[in-house]
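One structure is given below, encoded as structure tokens.
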Amino acid sequence: MEQLSTKHLLGIKGLTAEDIDLIFRTADEFKDVINRPIKKVPSLRDITIANVFFENSTRTKLSFELAEKRLSADVINFSSSSSSVKKGETLLDTVNNILSMKVDMIVMRHSSPGAPHFLSKHIDANIVNAGDGTHEHPTQALLDTYSIRERLGDVAGKKVAVIGDILHSRVALSNIFALQKLGAEVMVCGPNTLLPKFIGSLGVKVELDVKKALEWCDVANVLRIQLERQHIKYFPSLREYSLYYGINKALLDTIDKEIVIMHPGPINRGVELNSDVADSENAIILDQVENGVAVRMAVLYLLASVSK
């Protein structure tokens with residue numbers, strides 16, 4: 001059996017193009033499974049997985065939990081808000097206590113960049129990074145690129161614009177790495193205040209005008225303004241952001257081609273995307289959600305195979 005080159009999924013940087021291709025081919029098979037009347041296989045029935053979330057999450061947590069149950073794994077869910085972390089317990093002690101209950105794999109979201117990488121050096125279980133601070137969100141990038149491949153036939157040679165709050169987004173960084181590994185051209189677009197100073201060093205194009213970005217790209221992956229991570233004002237108001245960077249049907253109608261619209265969710269309707277775009281035929285936002293389960297099933301299955 002083909003195997004991944006890594007025991008953990010800590011970030012896209014740790015994957016090869018061959019790893020991503022294997023994940024996609026495995027996800028193709030699991031997508032067939034989740035569209036059957038009986039949406040379950042016994043692939044991980046001897047595996048116990050802990051979802052350890054130190055930050056709030058809806059889509060990612062539900063998607064992982066559903067993927068685990070579709071694979072017949074035993075699942076336990078941990079939330080820091082109702083745990084001994086509130087009493088001062090360290091991350092390592094928390095995870096070691098969970099592992100002592102014979103858990104095989106940890107799916108972790110944490111507010112600190114590098115937290116999964118730190119854990120990987122101290123524990124034996126497989127670790128899947130479900131988002132670490134503003135650093136990476138590898139499974140989101142995998143499901144995004146998988147969705148582009150599904151819609152357009154291939155990722156190589158496509159032009160993808162990542163639009164919005166690049167500075168605070170872990171999705172943006174992982175997407176840039178994944179798209180480049182698969183041969184796509186990448187552009188980032190947003191207000192200067194929401195573009196990291198280092199972004200040009202990643203080999204991406206930088207554009208401040210959203211219309212020019214849309215005229216250039218085949219795919220627009222539109223990101224949410226992450227107000228919860230912003231401790232100072234990066235722009236005058238949401239109304240002004242929407243005026244200059246919001247995407248609506250009237251704007252798309254001025255561009256003489258069809259563009260695939262993506263969004264990792266949750267959408268701030270009327271801010272970065274209007275409903276007439278988010279609910280249009282060009283949008284593959286719900287396809288991304290469906291594909292997220294298949295891709296995460298593939299990741300969990302392949303990582304469990306590496307550890308055996």
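Annotations
- Tabulated pairs, segment 51-77, first at positive phi, second open to solvent by 10 Å² or more (accessible area, probe 1.4 Å) and aliphatic (A, V, I, L, M), C-beta under 9 angstrom, 6+ apart or interchain: SER72/VAL41; SER72/ILE47
- Contact annotation: residue pairs with Cβ atoms under 6 Å, 6 or more positions apart or on different chains, pairing a residue in segment 272-288 that is in contact (Cβ under 8 Å) with a residue 40 or more places away in the chain with a partner that is open to solvent by 60 Å² or more (accessible area, probe 1.4 Å), are ILE284/ARG151.
- For LEU152, the requirement of being crowded, with 21+ Cβ neighbours inside 10 Å and in contact (Cβ under 8 Å) with a residue 12 or more places away in the chain is not met.
- Residues satisfying the stated conditions in segment 156-178, i.e. part of a helix (DSSP H, G or I) and out of contact with any helix residue (DSSP H, G or I) (no Cβ under 7 Å at 6 or more places or on another chain): ARG170, ALA172, LEU173
- Odd one out for GLY183, checked against (1) of a type outside the set (Ser, Thr, Tyr); (2) in a loop (DSSP other than H, G, I, E, B); (3) open to solvent by less than 10 Å² (accessible area, probe 1.4 Å): (3)
- Only listed residue being in contact with a Lys or Arg (Cβ under 6 Å, 6 or more places away or on another chain) and open to solvent by less than 10 Å² (accessible area, probe 1.4 Å), chosen from ALA141, ALA130, ALA161: ALA130
- Tally of residues being under 20 Å from the mean Cα position of the chain (by Cα) and among the acidic types (Asp, Glu) across segment 88-140: 2
- Selected residue [crowded, with 18+ Cβ neighbours inside 10 Å and either within 26 Å of MET108 (Cα to Cα) or hydroxyl-bearing (Ser, Thr, Tyr) (or both)] from LEU273, LEU303, LEU286: LEU303
- Of the residues contained in segment 72-91, none is found to be open to solvent by 20 Å² or more (accessible area, probe 1.4 Å), in a helix (DSSP H, G or I) and modelled with pLDDT of 90 or more.
- Among the residues of segment 104-115, none qualifies, meaning not one is out of contact with any helix residue (DSSP H, G or I) (no Cβ under 8 Å at 6 or more places or on another chain), surrounded by fewer than 22 Cβ atoms within 10 Å (Cβ to Cβ) and part of a strand (DSSP E or B).
- Number of residues in segment 55-64 that are open to solvent by 40 Å² or more (accessible area, probe 1.4 Å) and in contact with a strand residue (DSSP E or B) (Cβ under 8 Å, 6 or more places away or on another chain): the value is 2.
- Residue count, segment 186-217 (criterion: surrounded by fewer than 20 Cβ atoms within 10 Å (Cβ to Cβ) and either touching a Pro at 6+ places or on another chain (Cβ under 9 Å) or assigned to a helix (DSSP H, G or I) (or both)): 11
- Matching residues, segment 3-13, being open to solvent by 20 Å² or more (accessible area, probe 1.4 Å) and farther than 13 Å from ASN126 by Cβ: SER5, LYS13
The values are calculated or read from the model by the stated rules, or taken from the named source; none is laboratory data. No experiment lies behind these values; they were computed from the predicted model shown. Because the Cβ atoms are built from the backbone with ideal geometry, glycine has one as well, and the counts that use them run over all protein chains shown. For the accessible areas, the whole protein counts, side chains as well, though only heavy atoms, and no ligand, DNA or RNA atoms are used. Shrake-Rupley method; radii C 1.70, N 1.55, O 1.52, S 1.80 Å.
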